[in-house]
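A.B. asks: Here it is: the structure, laid out below.
The values are calculated or read from the model by the stated rules, or taken from the named source; none is laboratory data. Worth saying up front: this structure is predicted, and the values here are computed from it rather than measured. Glycine gets a Cβ as well: all are built from the backbone with ideal geometry, and neighbour counts include every protein chain shown. Ligands, DNA and RNA are stripped out before the accessible areas are found, and what is left, the full protein with its side chains, is counted by its heavy atoms. Shrake-Rupley method; radii C 1.70, N 1.55, O 1.52, S 1.80 Å.
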Amino acid sequence: MEQLLQQIEAYRQEIGSTQPDGAEALEAYRIKFLGTKGIVKNLFAEMKNVPVDKKKEFGQVLNEFKQLAEAKYEEWKSHTSGAQTSDGPGIDLSLPGDPLPLGTHHPITLVRNQIVHIFGRLGFSVEEGPEIEDDWHNFTALNLPENHPARDMQDTFYIHQKPDWLLRTHTSSVQARVMERQKPPIRIICPGRVYRNETISARAHCFFHQTEGLYVDENVSFADLKQTLYFFVQEMFGKDVKVRFRPSYFPFTEPSAEMDINCRICGGSGCNVCKHTGWVEILGSGMVHPKMLENFGIDPNKYTGFAFGMGIERICQLKYRVNDLRLYSQNDVRFLRQFTGAV
Ligand code: PHE
C-alpha cells in the first residue's frame, strides 16, 4: 500500500513536469496513462490487493490521480490543434474551406462603370486629373477669371498654405488639362470626385462625384450634343425616358443648357425628388466657349465642341432610389450589401 502511494506520487510529478508537445506526444501520453493497459487502469487493478481498511483512502487517492491525468490530457488536447486522437480525426484537410462572403461594388462605382461603358461605345475614352487643383485649371482657364460672380456659386475649399491651390469643385478641370496637352479630335469622359464647402445633409455633401464629357472636332454641333446625351439616358434609364433641355449659363459653354429627364421615382406624377414637377435635372452642358478653345491654342474657327458634366450620385439616386446622399459615404454594410449582384 505504502509503495503504491509512493508510486502514484511519482506519477503525479511526472504528469506535472510533462510539457505538451504536439499530437504524437499527446497520444503517447494517453496510451501510457489512460489507455486500456495504461497506468490508471493498472492502479485500479491493484485495488483488490489493498487491505479492506485502506481501500477507502486508496480509492480517493487513485480517483484524484485519475482526474489529474485526464485533466492534463484535455488541457493538452485543447492546445494541440488538429490533433489526431482516438476521439476521431481533428481536421479533415480534404473538406472545402468556409466560403468568404462576396464583396460588392459601391453603387457609385457601379454607376460610374455604366457611364464609362455607355460613352465608351460612342468612342469616348477615360481621362482623370488631380483632386487638388490650381486656380487656373479649375477656374481661370474655364473662362472664370478672378472676381467672376460664378465662382461664388461653387463654395470652394481653398488650401490654406497655398492660396493658388484648391480642391476641385468640378471635373471640368480635367477638360482644361486635356485640352492643354492634346489637340482635336478629343473625345473624353472624366469621372472623379469633387468637393464643395456645403453643410452635409440628405441633399448636399462636401464631396460627391461627377463625370465630365468633352468632344472637340470639326463640325461638332448642338444637335450632336443633344443626340449623344439622349442616347446616354436611354441606355442608362431605358428607352421610355423623356428629356428636356432648358437654357442655362456656364462661363465655359455658349450656348449652355441643363438637361432634365422625367422623374424615375414617381414616373412624373410628382414626388419630393422631382419637387412635384415630374422632371429631374441630371446634367449641365453646352457648346465649348470659343474663348476656352483659344486659351489652349485650339482655333475656334476650325473646331467646335460640346461639353457636359453630371453628378454620379444623382444618377444613382434615380436608378437605385437612394434618397439620402449621406448613405454613400457612411459605409454601412447593410446599405452596401443591397448592391450585391447589381450591374
Ligand atoms: N461643371 C459644371 C458643374 O459642375 C457642369 C458642366 C460641365 C456644365 C460641362 C457645362 C459643361 O455644374
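A.B. asks: With respect to GLY192, determine if the residue is within 14 Å of the ligand (Cβ to nearest atom), among the small types (Gly, Ala, Ser) and open to solvent by 10 Å² or more (accessible area, probe 1.4 Å). If you could, list the steps in order and put the result at the bottom.
C.D. replies: On the way: within 14 Å of the ligand (Cβ to nearest atom): yes; among the small types (Gly, Ala, Ser): yes; open to solvent by 10 Å² or more (accessible area, probe 1.4 Å): yes.
In short, yes.
A.B. asks: Turning to a different aspect of this structure: Going residue by residue through the range 173-181, is there one that turns out to be crowded, with 18+ Cβ neighbours inside 10 Å, under 14 Å from MET310 (Cβ atoms) and in contact with a Cys (Cβ under 9 Å, 6 or more places away or on another chain)?
C.D. replies: Checked against the condition, which is being crowded, with 18+ Cβ neighbours inside 10 Å, under 14 Å from MET310 (Cβ atoms) and in contact with a Cys (Cβ under 9 Å, 6 or more places away or on another chain), the range 173-181 yields at least one hit.
A.B. asks: Among the candidates PRO255, PRO290, PRO247, which residue alone is within 16 Å of the ligand (Cβ to nearest atom), free of Cβ contacts under 8 Å to residues at least 12 places away in the same chain, farther than 14 Å from SER172 by Cα and open to solvent by 20 Å² or more (accessible area, probe 1.4 Å)?
C.D. replies: Details: PRO255 fails: free of Cβ contacts under 8 Å to residues at least 12 places away in the same chain; PRO290 fails: free of Cβ contacts under 8 Å to residues at least 12 places away in the same chain.
Residue meeting the stated conditions: PRO247.
A.B. asks: Got a number for residues in the range 1-36 being among the hydroxyl-bearing types (Ser, Thr, Tyr) and open to solvent by less than 70 Å² (accessible area, probe 1.4 Å)? Walk me through it before giving the result.
C.D. replies: Keep residues of the range 1-36 that are among the hydroxyl-bearing types (Ser, Thr, Tyr), which gives 11, 17-18, 29, 36.
Add one more test, that the residue is open to solvent by less than 70 Å² (accessible area, probe 1.4 Å), and what stays is 11, 18, 29.
Result for the range 1-36: 3.
A.B. asks: With respect to GLU46, determine if the residue is without any contact (Cβ under 8 Å) to a residue 40 or more places away in the chain, outside any loop (DSSP other than H, G, I, E, B), surrounded by 10 or more Cβ atoms within 10 Å (Cβ to Cβ) and not hydrophobic (A, V, I, L, M, F, W, C).
C.D. replies: Details: without any contact (Cβ under 8 Å) to a residue 40 or more places away in the chain: no; outside any loop (DSSP other than H, G, I, E, B): yes; surrounded by 10 or more Cβ atoms within 10 Å (Cβ to Cβ): yes; not hydrophobic (A, V, I, L, M, F, W, C): yes.
So GLU46 does not fit the description; no.
A.B. asks: Evaluate the following for PHE157: is it away from the ligand (no atom under 13 Å from the Cβ) and within 30 Å of GLN114 (Cα to Cα)?
C.D. replies: Details: away from the ligand (no atom under 13 Å from the Cβ): yes; within 30 Å of GLN114 (Cα to Cα): yes.
Yes; evaluated as a whole, the condition is true for this residue.
A.B. asks: Turning to a different aspect of this structure: Out of the residues in the range 293-308 meeting the condition of being touching a helix residue (DSSP H, G or I) at 6+ places or on another chain (Cβ under 6 Å) and open to solvent by 10 Å² or more (accessible area, probe 1.4 Å), tell me which one is modelled with the lowest pLDDT.
C.D. replies: Per the criteria, the residue is ASN295.
A.B. asks: Just checking, which of HIS148, HIS105 is in contact (Cβ under 8 Å) with a residue 60 or more places away in the chain, open to solvent by 90 Å² or more (accessible area, probe 1.4 Å) and within 28 Å of LEU325 (Cβ to Cβ)? Outline the logic, then answer.
C.D. replies: Details: HIS148 fails: open to solvent by 90 Å² or more (accessible area, probe 1.4 Å).
The unique qualifying residue is HIS105.
A.B. asks: Moving to a separate point now. Does ILE200 count as away from the ligand (no atom under 14 Å from the Cβ), in the same structural domain as VAL288 (by TED's automatic domain parsing), among the aliphatic types (A, V, I, L, M) and farther than 26 Å from SER125 by Cβ? Break it down stepwise before answering.
C.D. replies: Details: away from the ligand (no atom under 14 Å from the Cβ): yes; in the same structural domain as VAL288 (by TED's automatic domain parsing): yes; among the aliphatic types (A, V, I, L, M): yes; farther than 26 Å from SER125 by Cβ: yes.
In short, yes.
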